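What follows is one structure encoded as structure tokens, with my remarks underneath.
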Amino acid sequence: MASIFEMIIAGEIPAEFIHRDKEVVAFRDINPVAPVHVLVVPTKPIPTIDDVTDADIPVVGRMYAVARDIARSEGVAEQGYRLVMNCRDHGGQEVPHLHLHLIGGRQLGPMVGSCVDPD
Ligand code: AMP
């Protein structure tokens, strides 16, 4: 079954696109955790970073380059931002289609804070 991101890429579900090319798209997260929260997504439906093959390495690099460019165009590059990629259940991944979260526009808490044992 197609993931929600595949449906967004196919235009079946609306999203606010910021970037679109043959290999990589980017759109605003529907539930932003900061003033800038953009998802950078390969058009190829790779489920997780663990599923990336050596042949996919260039597209993963392109995801980071697109994120860098969007951080600049969104005006957060100078003050800084965070790039996050979750992997599977323990990583908190909800959508099984590879994606990078670009989060910025405010001071973020320490990364380890969000990794504390929930019990
Ligand atoms: P993750 O937990 O790393 O898999 O992140 C999935 C992200 O996708 C979450 O931050 C959701 O808010 C976001 N999301 C889910 N559905 C949509 C949608 N239709 N449009 C934009 N973002 C979405």
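The values are calculated or read from the model by the stated rules, or taken from the named source; none is laboratory data. Note that this is a predicted model, so its numbers are computed, not measured. Note that each Cβ is placed from the backbone with ideal geometry, even for glycine, and that neighbours are counted across all protein chains shown. Heavy atoms of the whole protein, side chains included, go into the accessibility calculation; ligands, DNA and RNA do not. Shrake-Rupley method; radii C 1.70, N 1.55, O 1.52, S 1.80 Å.
Taking into account only those residues within the stretch 80-119 that are aliphatic (A, V, I, L, M) and modelled with pLDDT under 95, which is surrounded by the most Cβ atoms within 10 Å (Cβ to Cβ)?
Per the stated criteria, the residue is Met111.
Here is a check on your reading of the model: is Val25 assigned to a loop (DSSP other than H, G, I, E, B), within 14 Å of the ligand (Cβ to nearest atom) and touching a Ser or Thr at 6+ places or on another chain (Cβ under 7 Å)?
no
Do we find a residue being within 15 Å of His101 (Cβ to Cβ), in contact (Cβ under 8 Å) with a residue 24 or more places away in the chain, open to solvent by 50 Å² or more (accessible area, probe 1.4 Å) and of a type in the set (Val, Ile, Thr) anywhere in the stretch 61-77?
no
Do any residues in the stretch 19-33 that are under 17 Å from Ile4 (Cβ atoms) and among the acidic types (Asp, Glu) have Cβ atoms under 6 Å from those of residues that are modelled with pLDDT of 95 or more and within 14 Å of the ligand (Cβ to nearest atom), where the two are at least six apart or on different chains, and which pairs are they?
What qualifies is Asp29/His37; Asp29/Leu39.
Out of the stretch 46-55, which residues are outside any loop (DSSP other than H, G, I, E, B) and either closer than 16 Å to His101 by Cβ or touching an Asp or Glu at 6+ places or on another chain (Cβ under 8 Å) (or both)?
Ile49
Please go through the stretch 60-82 and pick out each residue that is under 20 Å from Val33 (Cα atoms) and either within 12 Å of the ligand (Cβ to nearest atom) or of a type in the set (Lys, Arg) (or both).
Arg68, Arg72, Arg82, listed by residue number.
The rows are residues; the columns are (1) of a type in the set (D, E, K, R); (2) more than 26 Å from Val76 (Cβ to Cβ); (3) more than 11 Å from the ligand (Cβ to nearest atom); (4) touching an Asp or Glu at 6+ places or on another chain (Cβ under 6 Å).
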position	(1), (2), (3), (4)
Val33	no, no, no, no
Val41	no, no, no, no
Lys44	yes, yes, yes, no
Pro58	no, no, yes, no
